[in-house]
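Input: a single structure, listed below in structure tokens.
What follows draws every value from the coordinates through simple rules; no lab data is involved. The structure displayed is predicted, hence computed values, not measured ones. No Cβ is skipped: glycine too gets one built from the backbone with ideal geometry, and neighbour counts run over all protein chains shown.
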Amino acid sequence: MRRISLWMKAHPVVGDSLIAIVLFALDVLVYALFVAFPVPDIATPPWYVGLPLIVILLGVVPLRRKYPLVMAYWVLVWTIPYVAAGFGDVAFSVAVVSCIALYTVVVCSGRRQAAFYTALTLVVSLTHQILQYPDDWVVNTVTVVLALALCWVLGEFVGARRAYQAEVEARLHLLENERHQATRIAVAEERERIARELHDVVAHAVSVIVVHADGASYAVRKDPDLAERAIGTISDTGRSALHELRRLLAILRDDDRDDAENRVGGEGARTPQPTAADLVELADRVETAGLTVRLDLDETIDELPAGVSLGVYRIVQEALTNSLKHAGVGTRAHVRVRWDRGAGRDTDHAGSVHIDVEDDGAGRANPVLAGGPGAGAAREGPAERAPSAPGGNGLIGMRERTNVHDGTLTAGPAPGGGWQVRAVLTVRLGE
């Protein structure tokens, strides 16, 4: 039964056509009864006049939802000859169709159109009652008014319910769009984060591999043991980078992170993200590539929240990778990480982390800061860091990580030569 109801709601013309057919059948049946059993005070008009009028009157009922005003005024106009022909006494479809027309106008066209149509209907009905039933016109008019009022109230109720349903559906559609948009934004942010992770992993690993490959190529004949160690470092770095790439690409391929990780690498795919505590291991790897690193770490960095700790690691990793790529072998770098637990702005604020990474540019001074004649030539020298200039991916990634934690980042030539990166990350509890 519910399926039939839903189908009829989806095809309203079918239901309205059934109403018109039922009314026509009832009118024909009543007319046939009056012909078979005549009533002395009621004249029966000829069928060839009445039946076409019934068809004309009911023919617009299937179109009442699409053209409510056309249907209503069509019924009102054809009511006049219908009643004048005497069919008002032997059929009742005109009364039913008039009520349906008023109900449809109230629901579909609004109160103003309905009020005007009701006034015209009352004028036509009152004229008919006075002319045809002069003795009973008051009672008949009251009956017509009550019937029209009932149709009006019913139309108001149904119209309000439909308006409410339309508003609910509109809000649900809006919420669905907002949820879809929020999902797209979340996906874009996650992909941006993964892109930063990919850049950090690839840039660091490839830099170490290239440096060791160059060293191995020079030492393969003179010092085979050194070349073998370099090749081993290349292998370990490549495996680590490959493992990290697989984990990140699995997230891109599948929205369900757990399933993706299970498919790619089982328990190994669930390797935790690096933290500030892993900076010692990072420094060891970089030193094997030829960059001397001196660490000055706060003893409490192990207590940093996971998000801030990962940001510290990635910023230091990117800075050391740039030093290795652009300053070359023999460069000395100094990494300082300090957690300032000063008085916070609110109860969730736990101070800030200060990150300083400096290198000496392999002992090359940077005349740009001196402002002397050699400033122009310094831009072409090896101490200049093109990738870390305003649009480099590495610098962009570091800036984004500092912005996530309401921090600041400065990067540029160091006063005594080389390059320096300074970042401040705000630490909040619960991150």
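Run down the lysines and flag those whose C-alpha is under 25 Å from the C-alpha of Lys9, throwing out any fewer than 8 positions away in its chain.
Straight-line reach from Lys9, under 25 Å: Lys66.
Compute the signed sum of charges (Lys and Arg +1, Asp and Glu -1) over the other residues within less than 10 Å, Cβ to Cβ, of Leu409.
With Lys, Arg at +1 and Asp, Glu at -1, the net is +2.
Taking the Cα centre as origin and putting +1 on Lys and Arg beta-carbons and -1 on Asp and Glu beta-carbons, what dipole magnitude results for the stretch 3-126, to the nearest 20 debye?
Roughly 700 debye, rounded to the nearest 20.
Among residues other than Gly15 whose Cβ falls under 12 Å from its Cβ, what is the net charge (Lys/Arg +1, Asp/Glu -1)?
Taking every Cβ under 12 Å from that of Gly15, the sum is +2.
Choose one of Val145, Ala188, Leu198: the residue whose Cα lies farthest towards the positive end of the charge dipole of the stretch 120-246 (beta-carbon charges +1 Lys, Arg; -1 Asp, Glu; about the Cα centre).
Highest projection toward the positive end goes to Leu198.
5 Å is the cut-off here: which amide hydrogens, built 1.01 Å from N in the peptide plane, fall below it relative to Val293, excluding neighbours closer than 5 in sequence?
For Val293, whose amide H was placed from the backbone, the distant partners under 5 Å are Ala333.
Would you please put 306-316, 51-61 in order of how densely packed they are, using the mean number of other Cβ atoms within 10 angstrom per residue and starting with the highest?
Final packing ranking: 306-316, 51-61.
³J(HN,Hα) across the stretch 292-302 via Karplus (A = 6.51, B = -1.76, C = 1.60, θ = phi - 60°), whole Hz, x for Gly/Pro?
Ordered by residue, 3J(HN,Hα) equals 6, 10, 10, 9, 10, 10, 5, 5, 9, 5, 5 Hz.
In units of 2.2 N^0.38 Å, what is the alpha-carbon radius of gyration of the stretch 2-135?
1.13
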